[in-house]
Amino acid sequence: MMAVTGGMPKELLPLGSRCVLARIIEEAREAGFDGAVVVNARSKPEVDEAVLKWSTTMFADFPVRIEYQDEARGLAHAVAAARVDDDAVIMVGDVVYGGGSPIERMANLIHRGIDGCVAVEAVQEAQMHLYGIVDVDEASGSISRILEKPSPDQTASRWAVASRWAFSKQSMAYIGDYCSDPVRLANPKEIFLTEIINAAIALGMDYKAVALQPGQERIDCGGVAEYEAAKRMRWN
């Protein structure tokens with residue numbers, strides 16, 4: 001992404017009149033959430049400066065705080081670094097949504113007592129190696145497992161993780177405990193949400209898949225081609 005960003009954090013790349021990260025925070029505000037936590041790296045002070053500026057301008061009515069992930073240990077480790085002791089929706093910092101977001105439906109399921117939710121979208125067989133693929137009971141919506149970038153012969157499912165997750169307070173605590181385990185911390189590998197969700201399901205926690213509705217579109221801004229395509233879309 002350096003050719004596109006010139007060294008600027010890709011979360012601050014513009015999409016119309018606002019940058020990627022501002023649109024993600026706006027997604028949370030429009031869904032009626034109490035506030036947002038931006039999990040940042042200390043090597044990105046520009047993100048801190050932007051969030052501080054927004055706190056007195058576009059998000060003066062919506063509390064946004066910053067926490068830091070001091071080691072690049074994966075998405076689950078970043079979720080634990082947010083230090084949220086409550087229900088939460090996880091929104092990755094380089095994916096926005098067009099045509100509406102699934103997060104309000106996901107939050108409502110958590111409110112009703114579900115342990116966790118994963119947004120999913122249907123993908124072609126040739127794309128399966130790019131995503132986590134969710135095995136789901138089509139009748140109940142319950143998730144039995146998530147396979148990380150499987151081949152088509154490993155599962156009949158074509159439901160891919162669509163970059164939004166929702167967790168109950170209990171699940172957030174489980175993620176924190178999982179990531180703070182001394183044995184795992186001693187291992188330098190990344191800690192993925194997929195492995196924690198699978199472990200939680202094995203313990204009997206209830207996780208549901210939430211399929212994108214017609215018109216809802218996941219827009220990836222994390223790569224050069226994806227961001228160039230996103231820039232060409234109509235943004236208000």
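The values are calculated or read from the model by the stated rules, or taken from the named source; none is laboratory data. On a predicted model such as this, the values are computed, not experimentally measured, just so you know. All Cβ positions, even for glycine, are placed from backbone atoms using ideal geometry, and neighbour counts span all protein chains on display. To get the accessible areas, we keep the full protein, side chains included, count just its heavy atoms, and leave off ligands, DNA and RNA. Shrake-Rupley method; radii C 1.70, N 1.55, O 1.52, S 1.80 Å.
Would you mind stating whether MET128 is over 14 Å from the mean Cα position of the chain (by Cα), of a type outside the set (Val, Ile, Thr) and crowded, with 20+ Cβ neighbours inside 10 Å? So MET128 passes the test. Please pick out the residue among VAL64, VAL96, VAL84 that is in contact with a Lys or Arg (Cβ under 6 Å, 6 or more places away or on another chain), under 30 Å from ALA200 (Cα atoms) and either open to solvent by less than 30 Å² (accessible area, probe 1.4 Å) or among the hydrophobic types (A, V, I, L, M, F, W, C) (or both). Just a single option satisfies the conditions, and that option is VAL96.
Restricting to region 99-125, and then to whatever is more than 18 Å from ALA76 (Cβ to Cβ) and among the charged types (D, E, K, R), can you tell me which residue is least open to solvent (accessible area, probe 1.4 Å)? The extreme case among them is GLU121. Taking the listed residues GLY132, GLY93, GLY99, GLY113, the one that is in contact with a Gly (Cβ under 6 Å, 6 or more places away or on another chain) and not hydroxyl-bearing (Ser, Thr, Tyr) is GLY99, with no other qualifying.
Only a single criterion out of (1) out of contact with any Phe, Trp or Tyr (no Cβ under 8 Å at 6 or more places or on another chain); (2) without any contact (Cβ under 8 Å) to a residue 40 or more places away in the chain is not satisfied by VAL64, namely (1). Restricting region 70-81 to residues that are open to solvent by less than 40 Å² (accessible area, probe 1.4 Å) and part of a loop (DSSP other than H, G, I, E, B) leaves a set whose member that is farthest from ALA230 (Cα to Cα) is ARG73. Would you pick out the residues in region 1-17 that are touching a residue at least 60 places away in the same chain (Cβ under 8 Å) and surrounded by 18 or more Cβ atoms within 10 Å (Cβ to Cβ)? Within region 1-17, LYS10, GLU11, LEU13, LEU15 meet the criteria.
Per-residue answers, yes or no, for (1) assigned to a loop (DSSP other than H, G, I, E, B); (2) touching a Leu at 6+ places or on another chain (Cβ under 7 Å); (3) over 30 Å from GLU71 (Cβ atoms):
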{"position": "VAL118", "(1), (2), (3)": "no, no, no"}
{"position": "ILE133", "(1), (2), (3)": "no, yes, no"}
{"position": "SER140", "(1), (2), (3)": "yes, no, yes"}
{"position": "ILE143", "(1), (2), (3)": "no, no, no"}
{"position": "ILE146", "(1), (2), (3)": "no, no, no"}
{"position": "VAL161", "(1), (2), (3)": "no, no, no"}
{"position": "GLN170", "(1), (2), (3)": "no, no, no"}
{"position": "CYS179", "(1), (2), (3)": "no, no, no"}
{"position": "VAL183", "(1), (2), (3)": "no, no, no"}
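When restricted to residues that are polar (S, T, N, Q), more than 15 Å from CYS19 (Cα to Cα) and surrounded by fewer than 12 Cβ atoms within 10 Å (Cβ to Cβ), region 206-236 contains 1. Checked against the criterion of being open to solvent by less than 40 Å² (accessible area, probe 1.4 Å), aromatic (Phe, Trp, Tyr) and either touching a residue at least 24 places away in the same chain (Cβ under 8 Å) or touching a helix residue (DSSP H, G or I) at 6+ places or on another chain (Cβ under 9 Å) (or both), region 46-56 contains one or more residues that satisfy it.
Considering GLU46, GLU71, GLU30, GLU67, the condition of being touching a strand residue (DSSP E or B) at 6+ places or on another chain (Cβ under 7 Å) and charged (D, E, K, R) is satisfied by GLU67 alone. Filtering region 167-205 to residues that are under 19 Å from GLU138 (Cα atoms) and open to solvent by less than 40 Å² (accessible area, probe 1.4 Å) leaves ILE197, ILE201, MET205.
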